[in-house]
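Here is the structure we will look at.
Please treat every number below as a calculation from the coordinates, not as lab data. Quick caveat: nothing in here was measured; it's all calculated off a predicted structure. A quick note on method: Cβ atoms are made from the backbone with ideal geometry, for glycine too, and the neighbour counts reach across all protein chains shown.
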Amino acid sequence: MSISVSIVEDDPAVRASLVKLIDGSPGYRCVSQHADAESALREIPPVKPDVALMDINLSGLNGVECVRRLKPQLPGTQVIMLTVYQNTEHIFNALAAGATGYLLKQTPPEELLAAIRSVHDGGSPMSSHIARKIVQCFQQPAPPVNGAQSLSPREAEVLGLLAKGYLYKEIADAMSVTYATVHTHIRHIYEKLHVRSRTEAVAKHLSQTRSLPRPAKAFRL
């Protein structure tokens with residue numbers, strides 16, 4: 001059975017090239033193509049593709065926000081970001097929003113097809129340069145004190161929303177506070193975690209969350 005793919009890409013030439021590659025390869029079929037996030041949010045849910053290829057720098061709503069809004073509607077659709085951006089903030093924001101893979105646009109066609117197959121089969125394909133950047137973020141030396149333990153409940157809530165890809169204004173709306181209050185919380189988070197950017201704060205949050213000991217299982221007699 002062929003893998004159904006939707007494409008969200010604002011460059012007509014790139015979009016046409018991707019459609020040609022997908023439809024011209026055995027075992028794959030393009031079920032929809034979209035020039036912007038707005039049309040993708042309207043038209044992708046009805047076709048329920050197995051995989052979506054998503055550009056980040058779309059006109060209007062960006063690709064990361066499109067993924068964040070799309071995933072609750074299509075939890076079974078796997079999203080691969082296909083972009084020119086290697087910035088770690090873009091990478092972590094996309095993954096936090098719900099993307100499963102992250103590839104650069106210069107990825108060779110055969111590798112792109114293999115990545116679509118991989119993500120459909122449960123993998124998380126990433127370009128080697130992207131994977132190295134993520135590894136380097138987690139390998140940064142940690143400060144001697146676990147700053148996350150000193151975060152206030154509100155600061156911890158803000159950090160959790162940052163990790164989910166929320167924008168500052170969306171955090172303010174979700175917490176019913178002002179934009180300035182969110183900035184104050186974030187400044188305190190940076191100071192306590194000894195970081196200088198949103199990306200570093202999210203990376204540290206994810207690494208510390210994964211390193212927390214799991215509670216022991218209760219055995220039933």
Sequence-distant residues sharing a close amide H with TYR28 (under 5 Å, placed H): ILE3
Please report how many Lys pairs in the chain have alpha carbons closer than 16 angstrom, counting only residues at least 8 apart along the chain or sitting on separate chains. 6
Options LEU104, SER6, ILE134, ranked by Cα towards positive dipole end of segment 3-137, top entry (Cβ charges): ILE134
Give the residue from LEU21, GLN86, ILE44 lying farthest towards the positive end of the charge dipole for the chain; charges sit on Cβ (+1 for Lys and Arg, -1 for Asp and Glu) and the dipole is referred to the Cα centre. GLN86
Could you list the GluC sites (Glu not before Pro) in segment 47-119 that lie in coil according to DSSP, counting only those with at most 12 other Cβ atoms within 10 Å of their Cβ? none
Could you list which residues have their amide H under 5 Å from that of ALA52, counting only those 5 or more apart in sequence or on another chain, with H placed in the peptide plane? SER6, GLN78, VAL79, ILE80
Using the Cα centre of the chain as the reference point, and only Cβ charges (+1 on K/R, -1 on D/E), how large is the resulting charge dipole? Debye, rounded to the nearest 20. 880 debye
Working out 0.36 nm times the residue gap between LYS105 and SER128, then minus their Cα-Cα distance, what length gain in nm do you get to one decimal? 7.0 nm
For ASN57, other-chain or 5+-apart residues with amide H closer than 5 Å (H placed, Pro excluded) are GLY63
Residue-averaged 222 nm ellipticity for the chain, from DSSP H runs of 4+ at -39500 (n - 2.57), nearest 500: -15500 deg cm²/dmol
